[in-house]
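K.L.:
Structure in structure tokens, see below.
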Amino acid sequence: MKGMQGLILAVVLGIVGAVFNLAYLMNRSSEKENVYFIGLKRDMMLNPGDKIKVEQIETVGIPKNSVGNLRDFAVLYESDTPLERHSVVGDKVERVIKGGRLLLKDDFSTPPPELKLEPDESAMFVPIDTRSIVTSLIVPGDQVMFLVSKTVPGKPTPAAPPAFSPPGEPIADPANAEEPAAASSAPIEKIGPFKVLSIGNRLGTAEVMKSARIPQQQENVMTIGVKAKDEAKALYLQSRLEATNYRQVGVRLLPRQEK
């Protein structure tokens, strides 16, 4: 009888031990299991308007039991999708992102709250001709050249008096001379390049403005950044704007630099 009780006790203890071992192994397994997010590599940097490239990003594993609510804020890596075809590749960022951190959802969906200037930078406002520009294609951070007319509106060049008159005919009076017809086209000069800071009140892409339900205002005014090296050409641009009574100027978008 005592032998039977001992056998039952041994079986029970064995089952209890197996349960504890299983629980321990499951706990250790959960500690080692990672959830993967997408981060910007440590030696990379993105500026507003830059598109994310696959060589700039990497997956970052975080233990599952330490993730908490990080899923709500950081960009989750879709494990069933190769990194080079991940949905984040090709997306434009809306703020400066320094390497060595996770990419956040707000990096793509929230427009910058205010215009921020670098310590050695000032802002200059330029009236632009929206009739000849697709402003939604210009993103803050782009480089542009301004196309400015060299003529002064409303002041045609007066006709020069003739050096002589045929015999018997009165000398022409310049005051009564007819003004020449306006030229069909005026000389144009390019001034720049300058970095775009905003288009009206838009500090990011047009799509982000729409998603944030922020109305576009003063789309015909471009804000550009002026640093010490840009001072001379900025002053020249200002003088040309004053000479043309602040007529709206054309804009030429330059190729975006690969980073």
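K.L.:
I'm told Ala206 meets every condition in (1) under 15 Å from the mean Cα position of the chain (by Cα); (2) in contact (Cβ under 8 Å) with a residue 40 or more places away in the chain; (3) open to solvent by 40 Å² or more (accessible area, probe 1.4 Å); (4) more than 17 Å from Gln143 (Cβ to Cβ) except one. Can you identify the failing condition by its number?
P.N.:
Failing condition for Ala206: (3).
K.L.:
Does Ala234 count as at pLDDT 95 or above, of a type in the set (A, V, I, L, M, F, W, C) and not in a strand (DSSP E or B)?
P.N.:
yes
K.L.:
Quick check on the stretch 86-119: of everything there that is within 16 Å of Ala74 (Cα to Cα), charged (D, E, K, R) and at pLDDT 85 or above, which residue is least open to solvent (accessible area, probe 1.4 Å)?
P.N.:
Ranking the qualifying residues of the stretch 86-119, first place goes to Arg101.
K.L.:
Which of the residues that make up the stretch 54-74 are assigned to a loop (DSSP other than H, G, I, E, B) and open to solvent by less than 40 Å² (accessible area, probe 1.4 Å)?
P.N.:
Val67
K.L.:
Return the residues of the stretch 111-137 that are in a loop (DSSP other than H, G, I, E, B) and either touching a Cys at 6+ places or on another chain (Cβ under 6 Å) or farther than 15 Å from Asn201 by Cβ (or both); say none if nothing qualifies.
P.N.:
Listed by number, the residues that qualify are Leu117, Glu118, Pro119, Asp120, Asp129, Arg131, Ser132, Ile133, Val134.
K.L.:
Oh, and also: What are the residues in the stretch 75-85 that are assigned to a helix (DSSP H, G or I) and open to solvent by 80 Å² or more (accessible area, probe 1.4 Å), if any?
P.N.:
Glu84, Arg85
K.L.:
Mind checking whether some residue in the stretch 219-226 is open to solvent by 70 Å² or more (accessible area, probe 1.4 Å), assigned to a loop (DSSP other than H, G, I, E, B), at pLDDT 80 or above and not basic (Lys, Arg)?
P.N.:
Yes, the stretch 219-226 contains at least one residue that is open to solvent by 70 Å² or more (accessible area, probe 1.4 Å), assigned to a loop (DSSP other than H, G, I, E, B), at pLDDT 80 or above and not basic (Lys, Arg).
K.L.:
Pull up the stretch 35-53, narrow it to residues that are in contact with a Gly (Cβ under 9 Å, 6 or more places away or on another chain) and not in a loop (DSSP other than H, G, I, E, B), then point me to the one that is modelled with the lowest pLDDT.
P.N.:
Lys51
The values are calculated or read from the model by the stated rules, or taken from the named source; none is laboratory data. Nothing here was measured: the structure is a model prediction, and the numbers come from that model. Cβ: placed from backbone, ideal geometry, glycine included. Neighbour counts: every protein chain shown. Remember, those area values only see protein heavy atoms, side chains included, never the ligands or the DNA or RNA. Shrake-Rupley method; radii C 1.70, N 1.55, O 1.52, S 1.80 Å.
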